[in-house]
Amino acid sequence: MNAPLQALLLLLISSTCPALALAQGTARVPAPDPQALRIQVPDVPLVNQHGQQVRLWSDLVRGQTVAINFIFTRCKTICSPMTATLARVQKELGPDSPVRFISITLDVANDTPERLAHFAEPFAPGPHWSFLTGEPALVKEALVALGGYTPDKEAHRPLVLVGNATADKWLRVDGLGSASSLLEAIREVRAASAPPAELTPTSPSAQDAAAARYFTNTELVDQHGKTHRFYEDLIRGRKVLINFAFTACKGVCSPMTKHLAEVQKALGGRVGKDTTMITLSVDPANDTPATLAHFTQKFGVGPGWYFLTGAPENISLVLKKLGGYTDDPNTHSSTLLIGDATTGMWVKAPAMSNTSNLVYAVEHLNDPR
């Protein structure tokens, strides 16, 4: 194998776990539970204790298991002991844990980044713990969405919200309880967001059954108005290239689609036979089959490349499975996913990567490592 291309392919590999370890943000979505806690995290810009602007959803929450609490630095009652409990949890998880901790102020009038940094210092927060403040209206929007808002900050509850948005799994835990109860909640959420354990069998039938359960046969509609079952019609038995876009995009979507059209040409007759290309709309409210068809015509999209939209709940489910869900289409991922559900091999790369490198990644996806 060509050495530079081998190095590239190894760099692209995110996991050989059967099914979908495409990225840390990809995870299993459990069956709907009518009693489940529903959280929609807004992608509001906030400011951390270091004075850096971060977006709540795209920078901190998307694709991550998170523990979120609500504090203010002048609190004389529960905030310090609750933060101390989170610090014990952080220490127990260790420095290599991917879990992110987020503390959002209830007192934007007084809690500057400097005050938050001073408050946080005794608790030795690691690099994955953000103490957030910001514009009052934006902080309030975040607090309301996460269930932490209260008109009287002195009356706030010692709530810790543990969750993973990709898995749509959220738990409320008593922040004044034991560190072990928080650790148990984190483990439960991480288990829900991990690829299913049954994906480990290597037999083709076991792999296929597990992949079918994971990807689901959610119905989506292509640019020609045809309905497809996501796994059986588009993924089963093929290599697939999957990206995320929307037709009203003023940024990367047009150049990305133009570039991927070159990749389709380079792959030749394989697209539509043993290889499928899929572009999932992150804006189903506006991307109808007609608008998608008009968009594809500008770039000479050929057969075997499906631009998919559908009911918002259907698109959202599939996007969450693939780590591509976003509340704001303008913050969507420009990652290209390349995979084979039959072998369980998935890699990811920037969609604007060199055409020959992407073609090589497809052709050598299942080579022995």
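Of everything listed in (1) within 25 Å of residue 55 (Cα to Cα); (2) buried (at least 23 other Cβ atoms within 10 Å of the Cβ); (3) touching a Pro at 6+ places or on another chain (Cβ under 7 Å), the single unmet condition for residue 324 is (3). Can we say residue 295 is outside any loop (DSSP other than H, G, I, E, B) and either over 19 Å from residue 58 (Cβ atoms) or without any contact (Cβ under 8 Å) to a residue 12 or more places away in the chain (or both)? Answer is yes for this residue. When the residues of the stretch 101-124 are filtered to those that are assigned to a loop (DSSP other than H, G, I, E, B) and in contact (Cβ under 8 Å) with a residue 40 or more places away in the chain, the one that is farthest from residue 88 (Cα to Cα) is 107. Total residues in the stretch 150-187 satisfying the condition of being surrounded by fewer than 14 Cβ atoms within 10 Å (Cβ to Cβ) and in contact with a Cys (Cβ under 9 Å, 6 or more places away or on another chain): the figure is 1.
Note on the stretch 52-76: residues that are in contact (Cβ under 8 Å) with a residue 40 or more places away in the chain and more than 30 Å from residue 329 (Cα to Cα) amount to 4.
Which residue pairs have Cβ atoms under 8 Å apart, sit 6 or more places apart or on different chains, and have a first residue in the stretch 125-145 that is over 17 Å from residue 64 (Cα atoms) and a second that is aromatic (Phe, Trp, Tyr) and crowded, with 17+ Cβ neighbours inside 10 Å? Sorted first by the residue in the stretch 125-145, then by its partner, the pairs are 125/101; 125/131; 140/149; 143/70; 143/149.
Taken together, 318, 362 contain a single residue that is among the aliphatic types (A, V, I, L, M), more than 13 Å from residue 244 (Cα to Cα) and out of contact with any Asp or Glu (no Cβ under 8 Å at 6 or more places or on another chain), which is 362.
Taken as a whole, the stretch 92-99 holds at least one residue that is assigned by TED's automatic domain parsing to the domain that holds residue 49, of a type in the set (Ser, Thr, Tyr) and modelled with pLDDT under 95.
Taking each residue of the stretch 213-226 that is assigned by TED's automatic domain parsing to the domain that holds residue 305 and acidic (Asp, Glu) and looking for partners that are surrounded by 17 or more Cβ atoms within 10 Å (Cβ to Cβ) and modelled with pLDDT of 90 or more with beta-carbon atoms closer than 6 Å, six or more apart or interchain, yields 222/306; 222/308. Does residue 274 count as under 23 Å from the mean Cα position of the chain (by Cα) and modelled with pLDDT under 95? Judged against the criteria, residue 274 is not a match. Taken as a whole, the structure places residue 245 among residues that are at pLDDT 95 or above and buried (at least 22 other Cβ atoms within 10 Å of the Cβ).
The values are calculated or read from the model by the stated rules, or taken from the named source; none is laboratory data. Note that the structure is predicted; figures quoted are calculated from it, not measured. Glycine gets a Cβ as well: all are built from the backbone with ideal geometry, and neighbour counts include every protein chain shown.
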